[in-house]
1. Please find, among ALA192, ALA179, ALA228, the residue that is over 21 Å from the mean Cα position of the chain (by Cα) and not acidic (Asp, Glu).
2. Going by what's in this entry, would LEU292 be described as buried (at least 17 other Cβ atoms within 10 Å of the Cβ), at pLDDT 95 or above and not in a helix (DSSP H, G or I)?
3. Under 7 Å between Cβ atoms, at least 6 apart or on separate chains: pull out the pairs that start in region 232-253 with a residue that is assigned to a loop (DSSP other than H, G, I, E, B) and end on any residue that is exposed (fewer than 15 other Cβ atoms within 10 Å of the Cβ) and of a type in the set (Gly, Ala, Ser).
4. Would you be able to tell me the number of residues in region 352-390 that are in contact with a Ser or Thr (Cβ under 7 Å, 6 or more places away or on another chain) and either farther than 21 Å from GLY331 by Cβ or among the aliphatic types (A, V, I, L, M) (or both)?
5. Just name the residue that is surrounded by the fewest Cβ atoms within 10 Å (Cβ to Cβ) out of those in region 173-228 that are touching a residue at least 24 places away in the same chain (Cβ under 8 Å) and basic (Lys, Arg).
6. Can you find even one residue in region 261-270 that is in contact (Cβ under 8 Å) with a residue 40 or more places away in the chain, crowded, with 17+ Cβ neighbours inside 10 Å and touching a helix residue (DSSP H, G or I) at 6+ places or on another chain (Cβ under 7 Å)?
7. I'm trying to understand the selection: among the residues of region 66-97, which are among the hydrophobic types (A, V, I, L, M, F, W, C), exposed (fewer than 14 other Cβ atoms within 10 Å of the Cβ) and not in a loop (DSSP other than H, G, I, E, B)?
8. I'd like to verify a number: residues in region 105-140 that are outside any helix (DSSP H, G or I) and either hydroxyl-bearing (Ser, Thr, Tyr) or in contact (Cβ under 8 Å) with a residue 60 or more places away in the chain (or both), how many?
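The values are calculated or read from the model by the stated rules, or taken from the named source; none is laboratory data. Just so you know, these numbers come straight off a predicted model, no measurement behind them. When we count neighbours, we look across all protein chains shown, and the Cβ atoms used for this are built from the backbone with ideal geometry, even at glycine.
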Amino acid sequence: MKVAIVSEFYPRASDPVLGVWAHRQAIASRDAGADVRVLVLYRPIPPLAVAREGARAAARAARQSLAQPPRATLDGIQITYVPFLAPPRPGSYGSWGRWAAPSLALALRALRRGFSFDLVHAHNAVPAGEAVRRAGLNTPFVVSVHGGDVFHTAPGSAAGGEAVRAALGCASLVLANSAGIEHRCRVLGAPATRVVRLGTDLPADRAQPYREPSVVTTGHLIARKRHADVMRAIASISERHPTLRYLIIGDGPERERLRRLAHDLGIADRVELAGQLPHEEALRRTRRASVLAMPSTDEAFGVAYVEAMAGWLPAIAARDEPGPQEIVSAGGGLTLVPAGDVLAIAAAIDDLLADREAGERARATAEQAFSWKRCGAATVAAYEEALRAR
């Protein structure tokens with residue numbers, strides 16, 4: 001079967017880490033038997049947040065956007081980058097599918113002339129799914145929901161709610177990355193759903209651990225990821241673990257706040273803000289740590305957890321979140337704590353540093369339930385189901 005994948009989040013020249021999970025799923029689908037091409041929606045106008053940093057930052061961002069080649073090949077997959085214009089994201093994101101639809105319609109028709117696709121796979125209802133719906137092609141399409149649609153876009157505005165419901169309602173099949181997200185999709189009107197978990201690579205050997213015990217958080221530096229809670233937990237057990245270090249991989253608006261907090265807590269010399277790293281380097285550095293701690297909220301799945309667990313690294317996540325609950329249902333290696341409970345995070349770190357078998361449990365769960373091979377097979381099976389339902 002031939003599949004056109006449409007995604008806003010996908011690696012690009014200015015950000016090779018963005019949406020790397022969508023690319024890995026495309027590779028897994030290809031390896032499972034699908035012939036895939038990718039169309040990436042991108043808005044070349046710098047975000048307002050960049051513009052507020054000054055003319056120099058805005059000019060740099062504009063140059064990066066303009067430098068994006070219209071086509072690329074990544075790991076053997078052909079990618080077309082489809083620019084579209086839309087108002088600034090705050091307050092208007094729910095309508096971006098409508099703005100992207102004309103450009104996407106042209107790109108899909110151009111693609112079809114040389115690649116007669118049977119199915120379109122949109123990552124997220126907004127903007128990709130809504131843009132596919134509005135493109136007016138008489139082609140089955142599936143929508144993958146990764147969390148943003150149900151946590152933010154649908155409840156965020158009337159336009160967002162309308163767009164998410166329209167895309168989910170018209171899709172031949174909606175793919176949710178966890179059972180909790182599947183339930184939310186049904187509430188929003190998805191008539192047919194299936195859980196398709198994302199995956200991870202499975203390294204053959206353990207990484208060489210750091211000389212000192214280390215906690216790592218790998219993810220965008222935003223408030224909901226709760227890096228500050230982890231930092232406070234580490235400070236609270238400093239007397240018991242005087243050499244314990246905290247590695248933060250990622251970048252974002254919380255960076256300066258976290259730097260100040262480390263100084264205020266008196267542990268600045270044991271905290272490393274590594275910034276955003278290339279995906280393979282981020283994996284390598286993550287897997288050298290002792291524990292991954294990311295007790296974040298609004299966590300639809302959490303690829304960072306299973307990537308760490310695949311490298312024999314036990315992890316800590318927040319309880320009652322769809323993604324962590326999905327992972328825990330598959331096996332051991334992930335400890336759940338109440339969101340925002342610093343003492344519980346500290347106790348979990350204590351326990352995992354002393355548990356010599358936790359890493360083995362984590363690896364077993366990743367291997368049995370979250371390989372990319374398994375994800376690819378599940379994705380292709382979903383494609384087949386959508387085509388049969390036509």
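1. On the way: ALA179 fails: over 21 Å from the mean Cα position of the chain (by Cα); ALA228 fails: over 21 Å from the mean Cα position of the chain (by Cα).
Going through ALA192, ALA179, ALA228 in turn, just one is over 21 Å from the mean Cα position of the chain (by Cα) and not acidic (Asp, Glu): ALA192.
2. It is true that LEU292 is buried (at least 17 other Cβ atoms within 10 Å of the Cβ), at pLDDT 95 or above and not in a helix (DSSP H, G or I).
3. These pairs meet every condition: ASP251/GLY275.
4. Within region 352-390, residues that are in contact with a Ser or Thr (Cβ under 7 Å, 6 or more places away or on another chain) and either farther than 21 Å from GLY331 by Cβ or among the aliphatic types (A, V, I, L, M) (or both) number 8.
5. Among those residues, the one meeting the criterion is ARG206.
6. Scanning region 261-270 turns up no residue that is in contact (Cβ under 8 Å) with a residue 40 or more places away in the chain, crowded, with 17+ Cβ neighbours inside 10 Å and touching a helix residue (DSSP H, G or I) at 6+ places or on another chain (Cβ under 7 Å).
7. Of the residues in region 66-97, the ones among the hydrophobic types (A, V, I, L, M, F, W, C) are 66-67, 72, 74, 77, 79, 82, 84-86, 96.
Narrowing further to those that are exposed (fewer than 14 other Cβ atoms within 10 Å of the Cβ): 66-67, 85.
Result: LEU66, single match.
8. Keep residues of region 105-140 that are outside any helix (DSSP H, G or I), which gives 115-124, 136-140.
Subset that is either hydroxyl-bearing (Ser, Thr, Tyr) or in contact (Cβ under 8 Å) with a residue 60 or more places away in the chain (or both): 115-124, 139-140.
The total comes to 12.
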